[in-house]
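Structure record follows, encoded as structure tokens.
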Amino acid sequence: MLHSLVKSDAHLVSLSNAGVRRNGRWLVRGVEFSVSRGEIVTLIGPNGSGKSTSAKMATGVLKPDEGHVSRIAGLKVGYVPQKLSVDWTMPLTVRRLMTLTGQLPAREIDAALNATGITHLAKAEVQHLSGGEFQRALLARAIARKPDLLVLDEPVQGVDFSGEIALYDLIKNIRNSTGCGILLISHDLHVVMAETDTVICLNGHVCCRGTPQMVSQSPEYMKLFGGMAGRGLAVYSHNHDHTHLPDGRVQHADGSVTDHCHPDDGHHHDARSHGDDDACGCGHDHHDHAGHDHSHDHHAHGEKHV
């Protein structure tokens, strides 16, 4: 579609020792990171740590007061905001939402809706969409103009746990199919850890960076989040040996079918060795309904935020 699936060494955007100062204080300082084609970079950190400010520097919305930001010529940016003010009394359809800031050919609208799995919602009014459906509509709107860089500010806010997994899978698929670079802002590592290439942990400056596993184990990260980091975060690999059928029954790897899924039916791995009583040992009912193994990160005690 848009770009090659192969990651490029050429940076779409690069920040070097960049900082923003307002009212006599630095909002963020010494920020260094880059985003290349086909790469997902996630900014994490507590409220007020400089995540959104850094993203605004990357996109050119804010100019750095020190340091330097470089972007490729003609960079096209797609943006999904953390919040979008919508007059919910207006009969605004998804298709109309796609063209609020400019006209698009019908084929581009249809392609974007299809890519985000909401073609059937084209004529639906946005006020009636679920949280996950609305986020998909915003993603469709962002990718319809085929951006080089996709900036996502808290894209799973207000979405339940299973919805988060589905949206992060969608973001991964968008990256794979278009080759765009993705800059994602998140309050925690959570499921993002399973797909992101590089995590940048901010707290007014860059505390640490690296792969999700490296960041979660770094002394700077542990110091920033305290004991909760060690207690509340876990990297958990789900190796499911069963599939949930449409009628609610469970088909196991040996072909047998039972009415319920529980750890004592003789067909599961020892989930309780992880300290939980549910079938997969994570305290959440989020089985892989396609019957495939999958790996993602979550908070071991069901805590949503660090």
Discussion item. Out of the residues in region 141-165 meeting the condition of being open to solvent by 40 Å² or more (accessible area, probe 1.4 Å) and without any contact (Cβ under 8 Å) to a residue 40 or more places away in the chain, tell me which one is nearest to Leu97 (Cα to Cα).
Written reply: Gly158
Worksheet item: If you take the residues of region 13-47 that are without any contact (Cβ under 8 Å) to a residue 12 or more places away in the chain and not polar (S, T, N, Q), which of them is farthest from Leu152 (Cα to Cα)?
Response: Gly24
Worksheet entry | Residue count for region 94-124, restricted to those that are charged (D, E, K, R) and open to solvent by less than 60 Å² (accessible area, probe 1.4 Å) | 1
Discussion item. When you scan region 33-47, do you find a residue that is open to solvent by 50 Å² or more (accessible area, probe 1.4 Å), of a type in the set (Gly, Ala, Ser) and at pLDDT below 95, even just one?
Written reply: no
Discussion item. So for region 86-101 (the condition being over 18 Å from Cys180 (Cβ atoms), more than 20 Å from the chain's Cα centre (by Cα) and assigned to a strand (DSSP E or B)), does at least one residue qualify?
Written reply: yes
Practice prompt. Scan region 34-73 for residues that are more than 14 Å from Ile185 (Cβ to Cβ) and of a type in the set (Lys, Arg) and report the count.
Written response: 3
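The values are calculated or read from the model by the stated rules, or taken from the named source; none is laboratory data. Note that the structure is a prediction, hence the values are computed from the model and not measured. Note that we place each Cβ from the backbone using ideal geometry, even for glycine, and neighbour counts take in every protein chain shown. Side chains are part of the model used for accessible areas, which takes the heavy atoms of the whole protein and leaves out ligands, DNA and RNA. Shrake-Rupley method; radii C 1.70, N 1.55, O 1.52, S 1.80 Å.
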